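Notes follow once the structure below has been shown.
The values are calculated or read from the model by the stated rules, or taken from the named source; none is laboratory data. The structure presented is a predicted model; accordingly, all values stated were derived computationally and were not measured. Cβ placement follows ideal geometry from the backbone for every residue including glycine, while neighbour counts extend to all protein chains displayed.
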Amino acid sequence: MNFVERKVVNDDDVDALCKDYEVIYAVDGSANNSKKSEHHGIGIIRWLIKEDTVQLYRASNMFKEATSDKMELVAMIAAHLLAEEFKDKNCVILSDNIYVVEGASEISKLKSYARNPKQVHQKLWEKLDFIRIGMRTLKPDVLHYSGKMSVLNKGADALAKDLVVSKVAAILKPLNITDMTIAELSKTLCSKLLD
């Protein structure tokens with residue numbers, strides 16, 4: 001892992017994270033960036049290392065207009081809400097969107113994005129800031145990982161694009177996970193995502 005940039009480059013780096021964290025979240029957002037009402041969604045993989053279990057979460061078509069950056073940010077917020085809901089103490093959230101990673105992991109950027117009414121998706125940044133403040137000691141680490149370079153990223157991307165679960169499971173097969181389940185984002189959690 002490139003510790004200077006705090007970037008996860010490949011599956012070997014993900015394996016190294018398993019020694020430092022109990023839970024790894026991999027998130028991705030998907031949108032076609034057009035004004036047309038096409039599919040857009042989020043994909044979240046929650047990997048419980050000690051239990052050797054993966055939970056797959058996805059949500060789609062929650063917004064009238066969506067861009068890739070917006071859906072990436074929504075996925076980041078959803079992962080924080082899941083970490084809070086499950087009281088995951090020692091966890092990391094991985095995203096391939098550097099804009100979202102920097103905003104979530106650098107306090108000054110997060111505050112700036114949340115307070116600037118002209119900031120794109122300002123209300124969502126405000127939500128993320130509020131959530132991270134409330135998490136206190138349970139705050140997850142947030143790291144950037146290279147897009148399409150790790151199994152987790154490919155799996156989260158497939159979930160965000162609403163691919164059939166059997167295809168997602170095939171993508172994640174190299175992880176040799178004992179238990180893989182499809183989990184639902186609660187209605188309460190989903191309502192917190194809407195801006």
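Restricted to the stretch 117-128, and to residues that are out of contact with any Phe, Trp or Tyr (no Cβ under 8 Å at 6 or more places or on another chain) and assigned to a helix (DSSP H, G or I), which residue is farthest from PHE86 (Cα to Cα)?
Within the stretch 117-128, the match that is farthest from PHE86 (Cα to Cα) is LYS123.
In the stretch 78-109, which residues are of a type in the set (A, V, I, L, M) and either under 24 Å from ASP13 (Cβ atoms) or not in a helix (DSSP H, G or I) (or both)?
Passing the criteria: ALA78, ALA79, LEU82, ALA83, VAL92, ILE93, LEU94, ILE98, VAL100, VAL101, ALA104.
I need the full set of residues from the stretch 87-113 which are closer than 14 Å to ILE45 by Cβ and of a type outside the set (Gly, Ala, Ser), in order please. Let's see the steps before the verdict.
Filtering the stretch 87-113 down to residues closer than 14 Å to ILE45 by Cβ leaves 88, 91-96.
Those that are closer than 14 Å to ILE45 by Cβ and of a type outside the set (Gly, Ala, Ser): ASP88, CYS91, VAL92, ILE93, LEU94, ASP96.
Quick grid of which residues meet (1) of a type outside the set (Ser, Thr, Tyr); (2) modelled with pLDDT of 95 or more; (3) closer than 17 Å to LEU124 by Cα:
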position: VAL14; (1), (2), (3): yes, no, no
position: ASN32; (1), (2), (3): yes, no, no
position: ILE44; (1), (2), (3): yes, yes, no
position: THR53; (1), (2), (3): no, yes, no
position: MET71; (1), (2), (3): yes, no, yes
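For the stretch 54-72: of the residues being of a type in the set (D, E, K, R) and buried (at least 22 other Cβ atoms within 10 Å of the Cβ), which is nearest to the chain's Cα centre (by Cα)?
This residue is GLU72.
Which ones in the stretch 155-192 are within 21 Å of VAL74 (Cβ to Cβ) and among the β-branched types (Val, Ile, Thr)?
VAL165, VAL168, ILE182, THR188
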